[in-house]
Amino acid sequence: MKLTELILFAANIVYATSYVATRATLGSIPPGTLALARLVIAWAALAPFARPGTAEPPISRSDRRTIAWMGLLGFAAAYAFSHWGIARSTASNAALLIVVEPLTMMLASPFYLGEWLSRRETVGAALAVIGTVLVVVNGIPGVTETLVPHWQGDLLLVLAGVAYAAYSLLGRRVLDRHAPLGVTTHSLAWGAVGILPIVATEWASGARPVWTAPAIAGTLYLAVVISALGYVAWNWSLARVPAPRAALFLNVQPIAGALLGALLLDEPLTGFTIAGGVAIVAGLAVAFGRAPR
């Protein structure tokens with residue numbers, strides 16, 4: 001396994017811990033405030049090191065717009081959907097529904113990157129969708145007794161997956177021209193700007209954070225390890241690896257995240273959840289088993 005692939009594998013193992021950390025931290029900090037704190041702290045951690053090199057070209061106006069959209073969609077919208085989704089669902093479902101991100105990348109690539117689905121990728125996508133239904137519905141629609149137990153939270157998590165995918169799709173071309181550290185830092189700043197109206201609404205409704213020691217530790221972990229270092233690692237790898245190959249490593253998260261949710265938060269790990277996770281991973285292994293034509 002090459003260095004880039006090792007970094008992708010390790011990064012996604014670390015990403016999988018974010019669902020449990022987020023779920024625990026949301027008990028003390030409202031979703032919007034947590035998102036803003038993550039973005040501001042992550043930006044502050046990276047900004048001192050994000051000065052462009054002498055050989056790097058200046059960021060064009062077009063690339064600046066793209067980076068802004070990366071922050072607004074991939075950070076502000078994604079964190080808002082993700083935090084509210086985890087609050088209304090489970091950390092296990094959040095980890096399993098990460099399938100939406102690579103699936104969206106696969107479906108959007110023909111329109112944005114000019115990469116079309118092969119027959120094999122279509123079969124893989126179908127398997128992944130079946131797995132997603134099993135996870136969200138916690139069974140077979142119309143057959144089992146439990147139907148969509150967390151459907152509102154799961155829908156928000158699906159939207160979060162689409163927003164996360166938009167970050168990678170938009171960043172793929174920008175990262176060919178600019179350093180990952182600078183791109184990550186600028187997109188974090190735009191994410192913080194984008195989340196401000198949501199935080200203002202949240203505070204106007206009376207929601208306030210309670211800064212306990214565990215809440216502070218959780219926020220710092222999510223900000224520095226996940227939002228700062230994790231995204232620098234992802235963007236560094238995305239600049240060197242084709243998007244479908246990078247997306248394949250996202251599937252480390254469902255298994256690790258679901259297991260952590262069950263072990264640390266006593267969340268249920270049903271047979272349908274396991275079957276859905278297996279179908280998701282199998283489908284994406286089939287879909288991304290070879291590069292798109």
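The values are calculated or read from the model by the stated rules, or taken from the named source; none is laboratory data. Just so it is clear, the model here is predicted, and its values are computed rather than measured. For neighbour counting, all protein chains shown are included, and Cβ atoms are generated from backbone atoms with ideal geometry for every residue, glycine included.
Suppose the filter is within 19 Å of A163 (Cβ to Cβ), part of a helix (DSSP H, G or I), touching a residue at least 12 places away in the same chain (Cβ under 8 Å) and more than 16 Å from the chain's Cα centre (by Cα); does W69 pass it?
The answer is no for W69.
So, in segment 256-271, how many residues would count as being touching a residue at least 60 places away in the same chain (Cβ under 8 Å) and either assigned to a helix (DSSP H, G or I) or in contact with a helix residue (DSSP H, G or I) (Cβ under 7 Å, 6 or more places away or on another chain) (or both)?
10
Do we have any residue at all in segment 203-223 that's touching a residue at least 24 places away in the same chain (Cβ under 8 Å) and within 14 Å of the chain's Cα centre (by Cα)?
Applying the first criterion (touching a residue at least 24 places away in the same chain (Cβ under 8 Å)) to segment 203-223 yields 203, 207-212, 214-215, 218-223.
From the residues that got through so far, the ones that are within 14 Å of the chain's Cα centre (by Cα) too are 222-223.
Yes: segment 203-223 contains one or more residues that are touching a residue at least 24 places away in the same chain (Cβ under 8 Å) and within 14 Å of the chain's Cα centre (by Cα).
If you check A215, A228, A200, which single one turns out to be assigned to a helix (DSSP H, G or I) and either among the hydroxyl-bearing types (S, T, Y) or within 25 Å of T104 (Cα to Cα) (or both)? Even if it seems obvious, please write down each step before you answer.
Details: A215 fails: either among the hydroxyl-bearing types (S, T, Y) or within 25 Å of T104 (Cα to Cα) (or both); A200 fails: either among the hydroxyl-bearing types (S, T, Y) or within 25 Å of T104 (Cα to Cα) (or both).
Just one listed residue meets the conditions, A228.
Could you list, in sequence order, all residues of segment 15-44 that are closer than 27 Å to A179 by Cβ and surrounded by fewer than 18 Cβ atoms within 10 Å (Cβ to Cβ)?
The answer is V40, A44.
Could you tell me whether segment 165-181 includes any residue that is among the hydrophobic types (A, V, I, L, M, F, W, C) and within 23 Å of L34 (Cβ to Cβ)?
Checking segment 165-181: at least one residue is among the hydrophobic types (A, V, I, L, M, F, W, C) and within 23 Å of L34 (Cβ to Cβ).
Would it be correct to say that Y79 is under 22 Å from A166 (Cα atoms) and modelled with pLDDT of 90 or more? So that I can check it myself, show each step before the final result.
On the way: under 22 Å from A166 (Cα atoms): yes; modelled with pLDDT of 90 or more: yes.
Judged against the criteria, Y79 is a match.
Please identify the pairs in which a residue from segment 1-19 that is closer than 10 Å to G230 by Cα and touching a residue at least 40 places away in the same chain (Cβ under 8 Å) has its Cβ atom under 8 Å from the Cβ atom of a residue that is hydrophobic (A, V, I, L, M, F, W, C) and outside any helix (DSSP H, G or I), counting only partners at least 6 apart or on another chain.
Every condition considered, the pairs that remain are L8/V241.
Can you find a residue that is in a helix (DSSP H, G or I), over 16 Å from the mean Cα position of the chain (by Cα) and touching a residue at least 60 places away in the same chain (Cβ under 8 Å) anywhere in segment 77-86? Walk me through how you get there before you give the answer.
As a first pass, look at segment 77-86 and keep what is in a helix (DSSP H, G or I): 77-86.
Cutting the leftovers down to over 16 Å from the mean Cα position of the chain (by Cα) gives us none.
No, segment 77-86 contains no residue that is in a helix (DSSP H, G or I), over 16 Å from the mean Cα position of the chain (by Cα) and touching a residue at least 60 places away in the same chain (Cβ under 8 Å).
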